[in-house]
Amino acid sequence: PYNAASFDLLQKTNKKISIKKLMEFQRTRYEGTDKDANLPKNAKVRPIGTVEQEHAHVIQIKENYPKELGGILWVAMGNAEHSQYVPIFGPITDTIAPYQVPGDQYTPESAYWTMRQVSALSEINRNLYGKYVREYNDLQEKTILKRIDKELDAQLIQAYKTSTEAGRQLATKLSMEYQQKAYDDAT
């Protein structure tokens, strides 16, 4: 139930769930149900997608990946409702500079604070601003997922077959490209 006092950390389903569905699950505010947290009458309903989320993750283990690559960590900086999930491929060796900015004070040089700012603005008016941020992020995520399936999986697997170092370099390069795109989009 949506209002349970606690939830099991790990749960198992009897059917496969897509990565995109997991992303949307972490964003849900029960839109389209009688518990829709966006409606004034449901002010006490605590949705899954809340402003209190600092970031969200989905861990995707890919069976066809070499063990050194493992899978993909999908990261949404800021709350999942208005943040774009970015793929981090396996054991990367670096991130873009905005992902390395420490601290708990706002600075525009920080990927976290830049993306958090988009979330904050979107939450001011979900219909006027947030709706379009969600639509844009949805399009970006679907494009990324399609590219991974059609092209990047094969490239990463081949790079790791060449050498672990070649695989790490490609994983790092691709991860940084997606980090930069998400940061630029948020900026």
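Just round it to a whole percent: the fraction of Cα-Cα distances in region 1-85 exceeding 19 Å.
Result for the distance tail: 50 percent.
Ignoring any ligand, DNA or RNA, what whole percent of the accessible area of region 51-187 comes from carbon and sulfur when the probe is 1.4 angstrom? If you can, show how the numbers build up before the last one.
Working: 3970 of 7300 Å².
The C+S portion of the solvent-accessible surface of region 51-187 is 54 percent.
Please compute the per residue accessible area over the chain with all protein chains in place, 1.4 Å probe, rounded to a whole number of Å². Intermediate values should be presented prior to the final figure.
Numbers: 11390 Å² over 187 residues.
About 61 Å² of surface per residue is accessible.
Where the eigenvalues come from the Cα gyration tensor of region 118-172, what are the semi-axes √(5λ) of the equivalent ellipsoid, largest first, in whole Å? Don't jump to the answer; show the numbers that get you there.
Values: eigenvalues 265, 31, 3 Å².
Equivalent ellipsoid semi-axes, largest first: 36, 13, 4 Å.
Based on the Cβ-Cβ distance from T107 to K15, what FRET efficiency comes out when R0 is 35 Å, to the nearest 0.05? The partial results should precede the final answer.
Numbers: r = 43 Å, r/R0 = 1.24.
Approximately 0.20, to the nearest 0.05.
Restricting to DSSP loop positions (anything but H, G, I, E, B) with no more than 14 other Cβ atoms inside 10 Å of their own Cβ, which chymotrypsin sites (Phe, Trp or Tyr not before Pro) remain in region 1-78? Provide the component values of the computation, followed by the final result.
Working: sites: Y2, F7, F25, Y30, W74; in loops: Y2, F7, Y30.
Of the chymotrypsin sites (Phe, Trp or Tyr not before Pro), the ones in loops of region 1-78 whose Cβ has at most 14 other Cβ atoms within 10 Å are Y2, F7.
Skipping prolines and chain starts, which residues have an amide H placed within reach, meaning under 5 Å, of the one on I88, given they are 5 or more residues away or on another chain?
Here the answer is L73, W74, V75, since their amide H atoms fall under 5 Å of that of I88.
If amide H atoms are built 1.01 Å from N in the plane of the peptide, which residues on other chains or at least 5 residues away come under 5 Å of the amide H of K62?
G71, I72
Identify, among I96, M23, Q158, the residue whose Cα sits farthest towards the positive end of the charge dipole of the chain, taking +1 on the Cβ of Lys and Arg and -1 on the Cβ of Asp and Glu, with the dipole about the Cα centre.
My answer, from the dipole projection, is M23.
Please give the charge dipole size of the chain, origin at the Cα centre, charges +1 on K and R Cβ atoms and -1 on D and E Cβ atoms. Round to the nearest 20 debye. Don't jump to the answer; show the numbers that get you there.
Values: 25 positive and 24 negative charges, 136 e Å.
Taking the Cα centre of the chain as origin, the dipole is about 660 debye.
Which loop-located chymotrypsin sites (Phe, Trp or Tyr not before Pro) does region 89-183 contain, where loop means any DSSP state but H, G, I, E or B and the Cβ has at most 13 other Cβ atoms within 10 Å?
Details: sites: F89, Y99, Y106, Y112, W113, Y129, Y132, Y136, Y160, Y178, Y183; in loops: Y106.
Those that pass, being in a loop and sparsely packed, are Y106.
Residue by residue through region 157-165, what is 3J(HN,Hα) from phi via Karplus (6.51 cos²θ - 1.76 cosθ + 1.60, θ = phi - 60°)? Round to whole Hz and write x for glycine and proline.
Calculated HN-Hα couplings, in order: 4, 5, 4, 5, 5, 5, 5, 4, 5 Hz.
With loop defined by DSSP as not H, G, I, E or B, and exposure as at most 13 other Cβ atoms within 10 Å, which is the longest segment of the chain clear of exposed trypsin sites (Lys or Arg not before Pro)?
On the way: sites that count: K12, K15, K16, K44, K67.
Result, exposed sites excluded: 68-187.
With charges only on Cβ, +1 for K and R and -1 for D and E, what is the dipole size of region 103-151 about its Cα centre, in debye, rounded to 20? Spell out each step's value before the answer.
On the way: 8 positive and 8 negative charges, 47 e Å.
Using only the charged Cβ atoms, the result is roughly 220 debye.
Report ³J(HN,Hα) in whole Hz for each residue of region 94-107, in order, from the Karplus equation J = 6.51 cos²θ - 1.76 cosθ + 1.60 where θ = phi - 60°; Gly and Pro get x.
So the Karplus estimates, Gly and Pro as x, are 6, 9, 5, 3, x, 7, 10, 6, x, x, 10, 10, 4, 8 Hz.
Using the Cα centre of the chain as origin and beta-carbon charges of +1 (Lys, Arg) and -1 (Asp, Glu), tell me which of A111, T33, Y183 is placed farthest towards the positive end of the dipole.
T33
The values are calculated or read from the model by the stated rules, or taken from the named source; none is laboratory data. Keep in mind that what you see is a predicted model, and the values were worked out from it rather than measured. Counting neighbours? That spans all protein chains shown, and the Cβs are built from the backbone with ideal geometry, glycine included. Note: accessible area is taken over every heavy atom of the protein model, side chains too, but ligands, DNA and RNA are not part of it. Shrake-Rupley method; radii C 1.70, N 1.55, O 1.52, S 1.80 Å.
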